[in-house]
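Everything on this sheet refers to the single structure shown next.
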Amino acid sequence: MTQLLTGHRGDAAPTGPDWGSARHTLDRAVQHLLGRQDPAGWWKGDLETNVTMDAEDLLLRQFLGIRTGGDTERTARWIRSQQRDDGSWATFHDGPSDLSTNIEAYTALRLAGDPPDAGHMRAAREAILDAGGIESSRVFTRIWLALFGQWPWRGLPAIPPELVLLPTWSPLSVYDFGCWARQTVVPLSVVRALRPVRPLGFRLDELRTYRTPPPPPPLGTTAGKLHRLDRLAAGYDHLVPAPLRQHALRRAAAWIVARQEADGSWGGIQPPWVYSLIALHLLGCPLDHPVMRRGLAGLERFTVHTDTPEGPARWLEACQSPVWDTALAVTALSDAGLPADHPALGQAGRWLLREEITVRGDWAVRRPGLPAGGWAFEFDNVNYPDTDDTAEVMLALRRTAVPASAALRRGVRWLCGMQSRDGGWGAFDADNTRRILADLPFCDFGEVIDPPSADVTAHIVEALCVEGLAGSTPVERGVAWLLRDQRPDGSWFGRWGVNHVYGIGAVLPALRAAGLPPTHPAVAAAVAWLLCHQNDDGGFGEDIRSYRDPAWIGRGGSTASQTAWGLLALHAAGQSDTEAVRRAVDWLVTTQRPDGGWDEPQYTGTGFPGDFSINYHLYRQVFPISALGRVLREVGELT
């Protein structure tokens, strides 16, 4: 730990690999990746998060009365397999104990029949009580408990369903929330208004501390004012005219149903999915209603079946990333030297073209005159294309021989239209920046808005430059935004990947594409940051705790994906034939598995910075291939 937090990034460096070894490493990695392509043309790695997904799946099934013994047993095995020796669960590999995750996992194991006096349950309970018990858990966990009478509804923040009636221009419109948050808030407002309680079969009193809750934030703060407004909103629930409440519930139901995707999900992500099913069921949708049937069936597609020492297990992906993974895989294989007309790239390119979204979604609220054109993250998500996937797909399509000019023109038009007023780009919406929402009492977990970020803006700048727009106004504004956003230490914050290593790995290739020379002060400062934070073993790593604790910025055990991000940045800065690059390449060479892959238990993807982390199982493959391919070509070892 001391070395990770302090460690100099080494004077006594190894010589580095001979380039022939690096080429052999690249060839094996390419064969491994080609072997993982689906016959339909796409790639998809598992998307691993934490056991709250699995616990909430059991709680959902308990609430709806459809929980089966087989699913419960297999889910419980998975949850037990992720418990640490101290009885706790974390939200990322080797992370700290997380109170709310512990409570939800414990509750799920109680549902599975694990007795409270079993050793692993006693250890979990001690971890929960030491951290403050149920009273200190986040709002979303207490909502789950309220569904089963384990927490009073009156003790939860108000979420009036009348929010859905507010015009789009008004403060606190649902469209002020990021797309993932608005999809969650609308069904939760229904659940909160109806306040259901269904049997759990046991009490959780053993998880209570019975301590006095902390005082509200000071009245002089924004959070304090909103806390007092929340109390007024709670009183409003008793005063709202019944016809208005019924109208709001009907509008909310219609809003929810209109956004169900073809695969039965909502936005292709777990939180709005489960809350939408509960909300619609409470509003009278029977389980055999087509919307409910599609929603429940779709969850099976997100289920991963695996084995544990106890036997077969199941866990749920919070989301799936086939479009993103496929685009990154195409770019990686092209970087490694596969020709544009290679069959694997052709199959992938044709599949990506079929995934283009040509209907208008929620993004059109802020951009009403903008025609559709873009790509989403998931298999089925026509309501929420995102700018990041669109940029990466466009970059990938340019690496194939697939005719795609019309789709690329639509993509360019859509990306330029989605630029925010300040010159940057958010992921799903333009100008989604109302920061006051983060202080609402029910927003105590995760980012709830979608402001521009360096990594997304960089990917879009790079894609637009490849499309010939390097000197255009959108690109110039995007580059100016990136230069303003650079941290004083020379790094960029990584919104969707961990963290400053990811930010630099995205921004430097974009600045190079936009024509900034390696001698530009911003590029030089970023290179200096990387050299200062290179690990003694030659790799790069950054712990997720860097989002909350500055001591962790740029610090962490080396990983394949983060080492690759460092290499991509150094390559873009003209540093390919340097000792730092040789050391990083050597790390990839010496840590490669015999099958051509890399191990990476660390989570290097980000859902909500500091709150929700992701292990993209394909990151450890695609990014090293891209990095090795680009470096080897630069030093003349790959033609």
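Each reported figure results from applying straightforward, stated rules to the coordinates on display, with no laboratory input. Keep in mind the model is a prediction, meaning the values are calculated, not measured. All Cβ positions, even for glycine, are placed from backbone atoms using ideal geometry, and neighbour counts span all protein chains on display.
For this structure, a couple of remarks:
- Between residue 489 and residue 370, the simple label model (points 7 Å from Cα in the Cβ direction) yields a spacing of 3.3 nm.
- For the listed peptides 483-496, 622-635, a ranking on the average number of other beta carbons within 10 Å per residue, highest first, reads 622-635, 483-496.
- Only Cα pairs under 8 Å and 6+ residues apart enter the sum, and on that basis the relative contact order of the range 183-300 stands at 37 percent.
- Relative compactness, the range 114-244, computed as alpha-carbon Rg over 2.2 N^0.38 Å: 1.24
- The reciprocal of the average 1/r between distinct C-alpha atoms defines the Kirkwood hydrodynamic radius, which for the range 362-443 equals 13.9 Å.
- Protection proxy ranking of 192-204, 458-470 - average other beta-carbon atoms within 10 Å, highest first: 458-470, 192-204
- Cα-based Kirkwood hydrodynamic radius, the range 357-402, one decimal, Å: 11.3 Å
- Annotation: for a label point projected 7 angstrom from Cα along Cα→Cβ of residue 239, residues of the range 148-163 with backbone N closer than 20 Å are 154-163.
- Over the range 52-316, relative contact order from alpha-carbon pairs under 8 Å, at least 6 apart, %: 22 percent
- Phi angles across the range 122-132 convert, under the Karplus curve 6.51 cos²θ - 1.76 cosθ + 1.60 with θ = phi - 60°, into 3J(HN,Hα) values of 4, 5, 5, 4, 4, 5, 5, 5, 4, 8, x Hz, Gly and Pro given as x.
- Computed E for residue 590/residue 117 - FRET, C-beta separation, R0 56 angstrom, nearest 0.05: 0.70
- The range 375-449 and the range 572-612: distance between their alpha carbon centers, rounded to Å: 26 Å
- Relative compactness, the range 575-639, computed as alpha-carbon Rg over 2.2 N^0.38 Å: 1.31
- The chain, relative contact order in percent, only Cα pairs under 8 angstrom and at least six apart counted: 18 percent
- Acute angle (nearest 10 degrees) that the helix 619-634 long axis makes with the longest principal axis of the chain, alpha-carbon atoms: 20 degrees
- Residues of the range 532-548 with amide N under 14 Å of a point placed 7 Å along Cα→Cβ from residue 84: 544-545
- With R₀ set to 51 Å, the beta-carbon distance separating residue 409 from residue 203 gives a calculated FRET efficiency near 0.25.
- Here residue 639 and residue 165 are evaluated by their C-beta separation; at R0 = 51 Å the FRET efficiency comes out at 0.25.
- Counted residue by residue at 0.36 nm each, then reduced by the alpha carbon distance between them, the extension gain from residue 254 to residue 297 reaches 13.4 nm.
- Peptides 296-304, 386-394 ordered by packing proxy, namely the average of other Cβ atoms within 10 Å per residue, highest first: 386-394, 296-304.
- For the chain, the Kirkwood radius over C-alpha pairs fed into Stokes-Einstein at 20 °C and 1.002 mPa s yields D = 84 µm² per second.
- Sorted largest first, extent of the range 186-330 alpha carbons per principal axis (Å): 52, 41, 41
- Applying 0.36 nm per residue to the separation of residue 434 and residue 194 and subtracting their alpha-carbon distance, the gain on full extension is 83.6 nm.
- Against the chain, whose longest principal axis comes from its Cα atoms, helix 405-417 is set at around 60 degrees.
- In degrees, nearest ten, helix 521-533 long axis to first principal axis of the chain (Cα): 80 degrees
- Distance histogram for the range 52-316 (every C-alpha pair counted, 10 angstrom bins, percent rounded to whole numbers): 6, 27, 34, 24, 8, 0
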